[in-house]
Amino acid sequence: MNFEQIQLPKDLAQTLAAIYQKAAKHNPKIDQDSFVRQVIMEWLEPYGRQEEKISTKRSNVMLKNSVKVAIDASGKTITQVAKEIGVNRVYLSKVINEQCEPSVVVLLLLLESLRVPTEKIKELFYLEPVTAEE
C-alpha cells in the first residue's frame, strides 16, 4: 500500500510520505504498509473501539489481537520478539493468527517487549462477540 492508494488529499499524502521518510531513517525495517497501519491506529485512537456490551460467557466471545501491527511498528521480527520473551516462534505466530490464546504471563511479556503500556492492553488484545459463521 502506498500513500496514493489511500486516496488522501494530495497535501496530506505528501505530509504522510515526508513523515514516513523520517520514520524510516529511525527504523529502516518499517515498510509503508506497517507505517500507514500504525499511523491510522494512532489517528483513530481517540475514537477507540466502541465498548459494546459483551457477554461474559466464554463461549460467546473470541480473543482478537493486533500483535502483528505492534511487532511491525517496533521494528522487530516475530523471531526476535519470541526469543526476547522466551517462547517458540511457531507459538507466537499462532497467537498472532488467533489460533491460540496466550497466557497472562506471555501477554504481559509481549506488552513489555513491544513497549506497549499496560493501560493500552485493550488495543493489543480485545474481545469480540462470536458470530454464527465463526
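Which FRET efficiency, nearest 0.05, do Ile19 and Arg89 yield, Cβ-Cβ r, R0 30 Å?
0.45
Give me a comma-separated list of calculated 3J(HN,Hα) values for the range 94-109, in order, Karplus coefficients 6.51, -1.76, 1.60 applied at θ = phi - 60°, integers in Hz, x for any Gly or Pro.
5, 5, 4, 8, 6, 8, 8, 9, x, 6, 4, 5, 5, 4, 5, 5
Could you name the lysines in cross-link range of Lys10, using Cα to Cα under 20 Å and dropping any fewer than eight places away on the same chain?
Of all the lysines, those that pass the test against Lys10 - Cα under 20 Å, at least 8 places apart if same chain - are Lys22.
Wrap a convex hull around the Cα atoms of the range 58-129, take a quarter of its surface area, and give that in square nanometres.
Its Cα hull, projected and averaged over all orientations, spans 4.5 nm².
Hey, what do the phi angles of the range 35-40 turn into as Karplus ³J(HN,Hα) couplings, whole Hz, using 6.51/-1.76/1.60 and θ = phi - 60°, x for Gly and Pro?
Running phi through 6.51 cos²θ - 1.76 cosθ + 1.60 with θ = phi - 60° gives 4, 5, 4, 5, 4, 4 Hz.
Say R0 is 25 Å: what FRET efficiency, to the nearest 0.05, do Lys29 and Val106 get from their beta-carbon distance?
0.60
How do 100-112, 11-23, 60-72 rank on mean C-beta neighbours within 10 Å, highest first?
Top of the packing list down: 60-72, 100-112, 11-23.
Could you give each residue of the range 115-120 its phi-based ³J(HN,Hα) in whole Hz, using Karplus coefficients 6.51, -1.76, 1.60 with θ = phi - 60°, and x for Gly or Pro?
6, 9, x, 4, 5, 9
Read-outs: derived from the displayed coordinates by stated rules, not from any lab. Here the structure is a predicted model, which means the values were calculated and not measured. In this analysis, Cβ positions are derived from the backbone assuming ideal geometry, glycine residues included, and neighbour counts consider all displayed protein chains.
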